[in-house]
Amino acid sequence: MKDKTVIKVSMPTIRRLPQYLQVVKKYHNKRDETISSTVIAAELGLEAIQVRKDIEVLGIKGQPRVGYKLIELIAAIESFLNWDNDNEAFIIGVGHLGRALMGYRGFESYGLKIIAGFDIDPLWIGSQINGVEVFHIDKLGELTRRMNIHIGVLAVPQKAAQKVAECMVESGIVGIWNFTPVNLNLPDNVIVERVDLAASLAVLSRKTSKLLKQRAIELEQ
């Protein structure tokens with residue numbers, strides 16, 4: 001397999017790979033042994049040639065009229081995305097959203113394990129949420145360095161996002177999963193992946209509106 005650290009891959013390809021993994025695991029659970037790019041494409045509404053191009057970056061090849069070995073493809077995708085390793089992370093902000101994220105065990109399927117939470121609210125400091133201990137944010141730097149943590153999940157109120165993100169960077173965190181609506185201004189050597197809930201909701205709302213209007217027109221005809 002190619003060295004995943006040196007391969008240059010487009011962001012659209014990276015974003016599609018988890019979708020492929022879901023499809024591949026579904027067929028693996030059905031005890032199938034192989035899967036074709038055509039099947040994956042049909043499941044996701046894509047073109048088979050796009051699927052084949054994306055899978056090429058993994059360094060594996062399918063067999064003509066047979067496809068890809070499921071076990072090999074699963075391992076290749078998980079390795080490429082670094083989901084075959086446990087990435088320990090801290091979550092900063094244990095409000096409603098933060099607590100919900102701390103309770104989501106699905107992250108561990110993707111190699112992410114939240115091992116501590118941080119906040120300033122005395123109500124939560126010293127408590128455990130779904131087995132994860134919550135510390136005062138003043139402890140962030142000390143624990144980040146001691147436990148060698150590189151990833152942080154940001155789930156604080158909007159007004160505190162920039163300041164807390166800067167604190168995370170100063171503590172040694174280099175990858176921030178940003179669940180706030182704020183575009184963070186941070187050094188270029190810090191990776192920020194923002195979960196844009198508003199944009200996602202806007203797309204859903206717009207598409208739903210169009211669908212309902214189309215149905216109304218069809219009923220009138």
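What to note about this one:
- Size of charge dipole - the chain - debye, nearest 20, with Cβ of Lys, Arg +1 and Asp, Glu -1, no other charges: 760 debye
- Sorted largest first, extent of the chain alpha carbons per principal axis (Å): 59, 56, 34
- Span from the the stretch 81-143 Cα centroid across to the the stretch 151-221 one, whole angstrom: 19 Å
- Residues in the stretch 11-23 carry Karplus couplings, in order, of 4, x, 5, 4, 6, 7, 4, x, 5, 4, 4, 4, 5 Hz; the curve used is 6.51 cos²θ - 1.76 cosθ + 1.60 with θ = phi - 60°, and Gly or Pro positions show x.
- Among the protein heavy atoms of the chain, carbon and sulfur supply 53% of the accessible surface, probe 1.4 Å, non-protein parts ignored.
- With the cut-off at under 18 Å, measuring from each backbone N in the stretch 81-97 to a point 7 Å along the Cα-to-Cβ line of Thr13 picks out 81-83.
- Listed residue pairs exceeding 27 Å between alpha carbons, taken from Lys53/Lys210; Lys69/Lys113; Lys26/Lys61; Lys26/Lys53; Lys8/Lys210: Lys53/Lys210; Lys69/Lys113; Lys8/Lys210
- Under-5 Å amide H pairs with Val153, H placed in peptide plane, nonlocal only: Phe90, Ile91, Ile92, Trp177
- Residue-wise HN-Hα coupling along the stretch 113-124, computed from phi with Karplus coefficients 6.51, -1.76, 1.60 (Hz; x: Gly, Pro): 10, 7, 10, 6, x, 9, 7, 10, 7, x, 4, 9
- Among the protein heavy atoms, those of Met147 account for about 80 Å² of accessible surface (1.4 Å probe, every chain in place).
- Against the chain, whose longest principal axis comes from its Cα atoms, helix 70-80 is set at around 40 degrees.
- Full-extension gain in nm, Glu142 to Ala202, via 0.36 nm per residue minus C-alpha separation: 17.6 nm
- Pairwise FRET efficiency - Glu220 versus Tyr110, Cβ, R0 = 45 Å, nearest 0.05: 0.45
- Largest to smallest principal axis extent of the C-alpha atoms in the stretch 109-221, angstrom: 68, 34, 30
- For Arg194, distant residues with modelled amide H under 5 Å away: Asn178
- Relative contact order of the chain, defined on C-alpha pairs under 8 angstrom at six or more residues apart (%): 13 percent
- Given charges at beta-carbon only (K, R positive; D, E negative), |dipole| of the stretch 59-101 in Debye: 280 debye
The values are calculated or read from the model by the stated rules, or taken from the named source; none is laboratory data. The structure presented is a predicted model; accordingly, all values stated were derived computationally and were not measured. Every residue, glycine among them, receives a Cβ derived from its backbone with ideal geometry; neighbour counts consider all protein chains shown. Protein only, heavy atoms only, side chains kept; ligands, DNA and RNA dropped before computing areas. Shrake-Rupley method; radii C 1.70, N 1.55, O 1.52, S 1.80 Å.
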